[in-house]
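**Student:** Quick one: this structure, given as structure tokens, is what I'll be asking you about.
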Amino acid sequence: MNAGGPSLRELRLEIEEFNSEYTAVLDALRIEDWPRFFTEDAIYRITGRENFDARLPVGLVYCEGMSMLRDRALAIAKTTMFAPRYLLHQVSNTRVLGKASSDEIRAIANYALFETLVDEKTTLQQVGRYHDHFVRVAGELRLKERLCVYDSLMIDTALVFPV
Amino acid sequence: MNAGGPSLRELRLEIEEFNSEYTAVLDALRIEDWPRFFTEDAIYRITGRENFDARLPVGLVYCEGMSMLRDRALAIAKTTMFAPRYLLHQVSNTRVLGKASSDEIRAIANYALFETLVDEKTTLQQVGRYHDHFVRVAGELRLKERLCVYDSLMIDTALVFPV
Amino acid sequence: MNAGGPSLRELRLEIEEFNSEYTAVLDALRIEDWPRFFTEDAIYRITGRENFDARLPVGLVYCEGMSMLRDRALAIAKTTMFAPRYLLHQVSNTRVLGKASSDEIRAIANYALFETLVDEKTTLQQVGRYHDHFVRVAGELRLKERLCVYDSLMIDTALVFPV
């Protein structure tokens, strides 16, 4: 820890608040606001646990840099392939990994994503973990890297949407 | 924020503790203790996301004021229509909305409600969000308004029970 | 509270961090690291809500003392009956029960355990509550007793694995 910096607990609480804002944007389908949680050079990936454990780089979604994040957001906003649905994230078990400083933080959190399609029952779309690398930009946390590793098999069209 | 008042983070943590107590009462089916989380003039509503998004006031449950809350609790306690079951809430992603003061707080939290009927598998009864207006009574948080907005279609008899 | 000791809130946050580490070990199937969360004389039990409410001591798993915890961990590590799977815990609604001191804490938390078997959909394996008795050993929290009370009927082989 940096001398005089926030404690690991304070960083954990700050990340929880970050993730609550982040998932509220996704749950509201405000996809155009999603890139603002990232740094200019950020990497965003979604991959399965099997790939992750085997250290395979291949994943279902790969974005590198702000323009790719914005492109993806725009593509989703304009697509007609994304059926209306309600989303709800539950993020829990946030852990700040050791040797964090106030400006450079690695953390993991568990998420469950519940999805409700029109006139259907709510289902568990996926559970997984955020593997995050946060940095601080103008005092605020930003994701330099978010790797979403899901346990679940995902085969439906919702895949196009970030987690 | 009020000068010298608690921070948004402290309010968030206080609301989390409130919700843990609130849901513990419901999960224990101690329905008679449920009204004590509200103010005398409180409003309690349960409504679907579709209604909420369309700003329709109609919902599945509507209580205004302590006597209606107590009537509902009494009705449930005495009914034979409520089959035995186990309930378990998970509340997460609590967000204090901006411009909160220590005595007047608006907040949103995500909930999942798991239900287990006798000799059946546990199911996800509903997921949704608490849209809350808290005030402080004798130093303690009370709900002046709780609006439960569920994503899920709900058609079973459990509806009579508060969330 | 002990004069000068941590507040109930700080204890709650510390227990949340304990549980995030505890469940991360289980989710990684690092069963050999599981006993280190307990005291030498610890009791670990898993039982159904029905048994618990009836105050029946019988449960599905019973370990008393470090050697039984280690025996169980070893047995699981060596068994071929435990099919590969991914586990993910979500722990929420942590409540420190009144009259806690810094060194002797009783607490309850809600958990949901999601399980993904190879090439299958993620399912809710169980939901339940940790009924915990924590003590402090060399400054760190340890479980003197953890009683896992599940709402769900559980009949599959995963039972052998701790929660």
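The values are calculated or read from the model by the stated rules, or taken from the named source; none is laboratory data. Since the model is a prediction, treat every value here as computed from it, not as a measurement. Cβ atoms come from the backbone with ideal geometry, glycine included; neighbour counts cover every protein chain shown.
**Student:** Yes or no: residue B:56 within 14 Å of another protein chain (Cβ to nearest Cβ), hydrophobic (A, V, I, L, M, F, W, C) and in contact with an Asp or Glu (Cβ under 9 Å, 6 or more places away or on another chain)? Explain how you work it out, then say what you get.
**Tutor:** On the way: within 14 Å of another protein chain (Cβ to nearest Cβ): no; hydrophobic (A, V, I, L, M, F, W, C): yes; in contact with an Asp or Glu (Cβ under 9 Å, 6 or more places away or on another chain): yes.
No.
**Student:** Hey, another quick one. Take the stretch B:94-139 and flag every residue that is among the charged types (D, E, K, R), under 22 Å from residue C:92 (Cβ atoms) and away from chain C (no Cβ under 11 Å).
**Tutor:** Of everything in the stretch B:94-139, those that are among the charged types (D, E, K, R), under 22 Å from residue C:92 (Cβ atoms) and away from chain C (no Cβ under 11 Å) turn out to be B:95, B:106, B:129, B:132.
**Student:** Is it true that residue A:64 is within 14 Å of another protein chain (Cβ to nearest Cβ) and surrounded by fewer than 19 Cβ atoms within 10 Å (Cβ to Cβ)?
**Tutor:** no
**Student:** Report whether or not residue C:142 is within 30 Å of residue A:125 (Cβ to Cβ) and basic (Lys, Arg).
**Tutor:** No: the conditions fail for residue C:142.
**Student:** For the stretch C:140-154, give me each residue that is surrounded by fewer than 18 Cβ atoms within 10 Å (Cβ to Cβ) and more than 12 Å from chain B (Cβ to nearest Cβ).
**Tutor:** Scanning the stretch C:140-154 gives C:140, C:142.
**Student:** Scan the stretch A:22-75 for residues that are among the small types (Gly, Ala, Ser) and assigned to a loop (DSSP other than H, G, I, E, B) and jot them down.
**Tutor:** Matches in the stretch A:22-75: A:28, A:54, A:59, A:65.
**Student:** Mind listing whichever residues of the stretch A:101-124 are buried (at least 21 other Cβ atoms within 10 Å of the Cβ) and over 14 Å from the mean Cα position of the chain (by Cα)?
**Tutor:** Passing the criteria: A:105, A:114, A:116, A:122.
**Student:** Starting from the stretch B:43-61, keep only residues that are surrounded by 15 or more Cβ atoms within 10 Å (Cβ to Cβ), then list their pairs with residues that are small (Gly, Ala, Ser) whose Cβ atoms are within a distance under 6 Å, requiring at least 6 positions of separation or different chains.
**Tutor:** Pairs found: B:45/B:59; B:46/B:59; B:47/B:59.
**Student:** Quick one: is residue B:46 modelled with pLDDT of 95 or more and within 30 Å of residue A:87 (Cβ to Cβ)?
**Tutor:** no
**Student:** Kindly provide the set of residues from the stretch B:1-42 that are within 18 Å of residue B:104 (Cβ to Cβ), aliphatic (A, V, I, L, M) and without any contact (Cβ under 8 Å) to a residue 12 or more places away in the chain, ordered by number.
**Tutor:** B:3, B:13
**Student:** OK, next. Looking at C:96, C:127, C:135, C:91 in this structure, which one is of a type outside the set (Ser, Thr, Tyr), within 13 Å of the chain's Cα centre (by Cα) and within 13 Å of residue C:15 (Cβ to Cβ)?
**Tutor:** Selected residue: C:91, the only one of C:96, C:127, C:135, C:91 that is of a type outside the set (Ser, Thr, Tyr), within 13 Å of the chain's Cα centre (by Cα) and within 13 Å of residue C:15 (Cβ to Cβ).
**Student:** Under the condition of being touching a residue at least 40 places away in the same chain (Cβ under 8 Å) and in contact with a Gly (Cβ under 8 Å, 6 or more places away or on another chain), which residue from the stretch B:101-112 is nearest to residue B:138 (Cα to Cα)?
**Tutor:** Within the stretch B:101-112, the match that is nearest to residue B:138 (Cα to Cα) is B:102.
**Student:** Would the stretch B:39-49 turn up any residue that is away from chain C (no Cβ under 14 Å) and over 17 Å from residue B:63 (Cα atoms)? Show your work before the answer.
**Tutor:** Going residue by residue through the stretch B:39-49, those that are away from chain C (no Cβ under 14 Å) are B:39-49.
Okay, now just the ones that are also over 17 Å from residue B:63 (Cα atoms), so B:49.
Checking the stretch B:39-49: at least one residue is away from chain C (no Cβ under 14 Å) and over 17 Å from residue B:63 (Cα atoms).
**Student:** While we're on this one: Give the residues of the stretch C:78-100 that are surrounded by 13 or more Cβ atoms within 10 Å (Cβ to Cβ), in contact (Cβ under 8 Å) with a residue 40 or more places away in the chain and either more than 19 Å from residue C:161 (Cα to Cα) or out of contact with any strand residue (DSSP E or B) (no Cβ under 9 Å at 6 or more places or on another chain) (or both), sorted by residue number.
**Tutor:** Of everything in the stretch C:78-100, those that are surrounded by 13 or more Cβ atoms within 10 Å (Cβ to Cβ), in contact (Cβ under 8 Å) with a residue 40 or more places away in the chain and either more than 19 Å from residue C:161 (Cα to Cα) or out of contact with any strand residue (DSSP E or B) (no Cβ under 9 Å at 6 or more places or on another chain) (or both) turn out to be C:82, C:94, C:95, C:96, C:100.
**Student:** Out of the residues in the stretch B:3-34 that are farther than 17 Å from residue B:131 by Cα and aliphatic (A, V, I, L, M), which is surrounded by the fewest Cβ atoms within 10 Å (Cβ to Cβ)?
**Tutor:** So the residue we want is B:3.
**Student:** Now a separate question. If you take the residues in the stretch C:1-21 that are of a type outside the set (A, V, I, L, M, F, W, C) and not in a helix (DSSP H, G or I), which one is modelled with the lowest pLDDT? Talk me through it step by step, then tell me what you get.
**Tutor:** Looking only at the stretch C:1-21, we keep the residues that are of a type outside the set (A, V, I, L, M, F, W, C), and these are C:2, C:4-7, C:9-10, C:12, C:14, C:16-17, C:19-21.
Still in the list and also not in a helix (DSSP H, G or I): C:2, C:4-7.
Values: C:2: 42, C:4: 58, C:5: 68, C:6: 77, C:7: 92.
It comes out as C:2.
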